[in-house]
Amino acid sequence: MEIEAAVSEGGQTTIPPATRGLLRVDWRSSVLFRATEDGNVMLAAKSTSADEPDPVVTSFLTFLEADMARQPARLHPVTRAWLHEIRILVAGVAVDLDAVLPEEPV
C-alpha cells in the first residue's frame, strides 16, 4: 500500500488517517522514523513502556492533588447509598474494554 502526504514549507506533514489506522496511533501517540541502509525511511509507532508515565495522566493527577489540597472540604467518602445509585445508573451498559476506540476528529 502506498499513501501520499504533502510536506509543508516548514517541513511538516500530516499522517493520513489510513496510515494512522495501520499504525494504531492517534494524536497522543509518538512515531519513529527509521532510516535503512538503502536510503529508505520506515515509519513505526513508538511502543509505550509500562515504566513511562503517561503525561496526560500525570497532568490530571497533579491537578487532582492540588485541587484536593486546596479544597479538602469538598471530598466525600463513597457511601453504600451512593454506590447503589451508581450501579442503577450503569445497569445494562455493556462495555468492551478490548474494542478499538473511534478515531478522534482532526
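Quick note: the coordinates plus some simple rules give every number you see, no bench work behind them. Every value quoted in this text rests on a predicted model; they were computed, and no experiment measured them. So basically every Cβ, Gly included, is an ideal-geometry build from the backbone, and we count neighbours across all protein chains shown.
Which cross-chain or sequence-distant (5 or more) residues have an amide H under 5 Å from the amide H of VAL31, H modelled 1.01 Å from N in plane?
Residues meeting the criterion, in which the H sits 1.01 Å from N, are LYS46.
Give a residue-ordered list of calculated ³J(HN,Hα) values for the stretch 32-37 (Karplus: 6.51 cos²θ - 1.76 cosθ + 1.60, θ = phi - 60°; whole Hz; x for Gly, Pro).
Going residue by residue, I get 10, 9, 10, 7, 9, 4 Hz, with x marking Gly and Pro.
Could you order the peptides 14-25, 59-70 from most to least packed, using the average number of other C-beta atoms within 10 Å per residue?
Working: 14-25: 13.6, 59-70: 10.2.
Highest mean packing first, the order is 14-25, 59-70.
To the nearest 500 deg cm²/dmol, what mean residue ellipticity at 222 nm is calculated for the chain from DSSP H runs of n ≥ 4 alone, each contributing -39,500 (n - 2.57), summed and divided by the residues? Spell out each step's value before the answer.
Numbers: 3 runs with 34 residues, N = 106.
Estimated from H runs of four or more residues: -10000 deg cm²/dmol.
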